[in-house]
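Report on the following structure.
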Amino acid sequence: MRRISRLAILLFFIGCSTVPITGRRQLSFIPQGELLSLSDQNYKQVLSQSKVSTDASWNQKVTEVGQKIAGSAETFMRENGMEKDLKNYKWEFNLIQDDKTVNAFCMPGGKIVVYTGILPAVKDENGLATVMSHEVAHALANHGGERMSQELLVQAGGMGLAQLTKTKPALAQQILMQAYGAGSQVGILLPYSRSHESEADHIGLVLMARAGYDPKTAVVFWERMSSLGGAKPPELLSTHPANARRIADIQKEIPEAEKYYKS
């Protein structure tokens, strides 16, 4: 247990970095080479198991808007002394034909997928810019590496608990491990996931504004997302903040983003 604690402390000091734009300190100790290799493999697997949309118009929009937002991110990096990190990004944008999936995602290194199910909420280029800037923000903030680091630390905590309870009856060990699993999910991993989503909204507003898109249109997009309805889990058990909370947070952050849009 002491070894695990010392390892966790060591990783904390080794892996701390600062998230661009928000300035939040984050813990991420997954080597970039390993992270990008896993990302590339998983992205190819997703594409091989999916049907890429044949809608030429929307495919073009996804690529063009994605490249514009990615360019905004790269310009920010150059302006802020992050040129050496540019090598970690090989942007790729794909539209997957799946009208039931109202989602988009980004893997480390800038591998982005948009599902056709989100297009009714997207509607126009501003809506698409909101989605793409949010996904590019995940890559810029290294949320993938941070999430993997958090999961490894939770696993290390589980191993430590298993060592501490190995002399207890099997039933007691099982109950304690189940409680640890549920507690770490609800108390650590899900809150971190929601904070990543909120942070990507914040960073995304700045990126879309720098790319020439009005950040106020992000509110319109999220209002359309809210109107799509469908069953949603309680926010406590969700990986994403509730839409109403997102809209309220975005409205507070718009004045910061508008400085870039107006300039």
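Values for this structure:
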quantity: Ordering of 164-171, 193-200 by packing [mean C-beta count within 10 Å, highest first]; calculated: 193-200, 164-171
quantity: Peptides ranked, highest mean first, by Cβ atoms within 10 Å: ranges 207-219, 147-159; calculated: 207-219, 147-159
quantity: FRET efficiency estimate (nearest 0.05) - Cβ-Cβ, A244 to R25, R0 35 angstrom; calculated: 0.80
quantity: Between the stretch 71-141 and the stretch 31-57, the Cα center-to-center distance that results, in Å; calculated: 13
quantity: Extension gain, D40 back to N59 (0.36 nm per residue minus Cα-Cα distance, nm); calculated: 4.8 nm
quantity: Highest to lowest packing among 127-137, 69-79, scored as the average C-beta count within 10 Å; calculated: 127-137, 69-79
quantity: Cα gyration tensor shape for the stretch 29-76, rounded if a/c is under 1.5, else prolate or oblate; calculated: oblate
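Read the figures in this text as sums done on the coordinates, not as results from a lab. It should be emphasised that the depicted structure is a prediction, and the values quoted were computed from it without experimental measurement. Here Cβ is always computed from backbone atoms with ideal geometry, including for glycine, and neighbour counts include all displayed protein chains.
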